[in-house]
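Just below is one structure, and these are the notes that go with it.
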Amino acid sequence: NAGVMQNPRHLVRRRGQEARLRCSPMKGHSHVYWYRQLPEEGLKFMVYLQKENIIDESGMPKERFSAEFPKEGPSILRIQQVVRGDSAAYFCASSPPGQGVRIVQPQHFGDGTRLSIL
Amino acid sequence: EDQVTQSPEALRLQEGESSSLNCSYTVSGLRGLFWYRQDPGKGPEFLFTLYSAGEEKEKERLKATLTKKESFLHITAPKPEDSATYLCAVLTGGTSYGKLTFGQGTILTVHP
């Protein structure tokens, strides 16, 4: 069962380093979403992408964070110059192409990347 | 701003003791309400989509219902393997895609 694949599962970085999180959507899915789950908090939306396009980045911090979903390869969430407050679980989700505006496609999640900042 | 509130925060049940989890929402233009289950160290697992008031969906011991202001997840005769965090999320706006707004979740523990 090829679900949403995220890697690495765990990532440790020192303050000031860069973190790259990868997400391969389910086969046939063309919509990718990134969410962040801070300790003791709920899931918060970060960004929604389709191939080569950022559709909604309203949840992305203005600085240090970027995301891409290239024509070939996985979606990447990049965090530059990480700080302690970036420690969290980052989840990627994907959904298939639409079947008409009346059908809402559920998002299917990967098991996340746990980012720890030393 | 869309708001989703789940209650209770935590629920302990004995095996076989039926109960309900609540998800209340304040949104503009609900497109869909979703229920997910999340096990420790895992990502949310999709359970149900509900579109409009009065709708019900069932899967094994779980039944989800929707009104104009809230949704309930009913658990009938739960088993220990039903222990997990249950998340409610809403999609709003004019499209079939986009950001989900999640509640904080209900941590369900079922004792044998």
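As a ratio to 2.2 N^0.38 Å, the alpha-carbon radius of gyration computed for chain A takes the value 1.04. Placing unit charges on each Cβ (+1 for Lys and Arg, -1 for Asp and Glu) gives chain A a dipole about its Cα centre, and among A:Y33, A:I54, A:P8 the Cα reaching farthest toward its positive end belongs to A:P8. Normalised by the number of residues in chain A, the mean separation of alpha-carbon contacts (under 8 Å, six or more apart) gives a relative contact order of 36 percent. Per-residue Cβ neighbour counts within 10 Å put A:R36, A:R20 in the sequence A:R20, A:R36, beginning with the fewest. Each residue of segment A:26-41 was assigned a 3J(HN,Hα) from its phi angle through the Karplus expression (A = 6.51, B = -1.76, C = 1.60, θ = phi - 60°), giving 4, 4, x, 8, 10, 10, 10, 10, 10, 10, 10, 10, 7, x, 6, 10 Hz with x at Gly and Pro. Here segment A:28-93 has an Rg and Dmax of 11.9, 36 Å, counting Cα atoms alone.
Of the three principal axes defined by the Cα atoms of chain B, the extents in descending order read 45, 30, 20 Å. Can you pull the percent of Cα pairs in the protein assembly as shown with separation above 34 Å? When all Cα pairs of the protein assembly as shown are counted, 15 percent exceed 34 Å. Remark on segment A:1-66: hydrodynamic radius 13.7 angstrom, per the Kirkwood mean of 1/r across alpha carbon pairs. A straight Cα-to-Cα reach below 18 Å connects A:K51 with the aspartates and glutamates A:E68, A:E72, residues fewer than 8 places away in its own chain not being considered.
Throughout, read-outs are computed from the coordinates displayed, never taken from laboratory work. Nothing here was measured: the structure is a model prediction, and the numbers come from that model. When we count neighbours, we look across all protein chains shown, and the Cβ atoms used for this are built from the backbone with ideal geometry, even at glycine.
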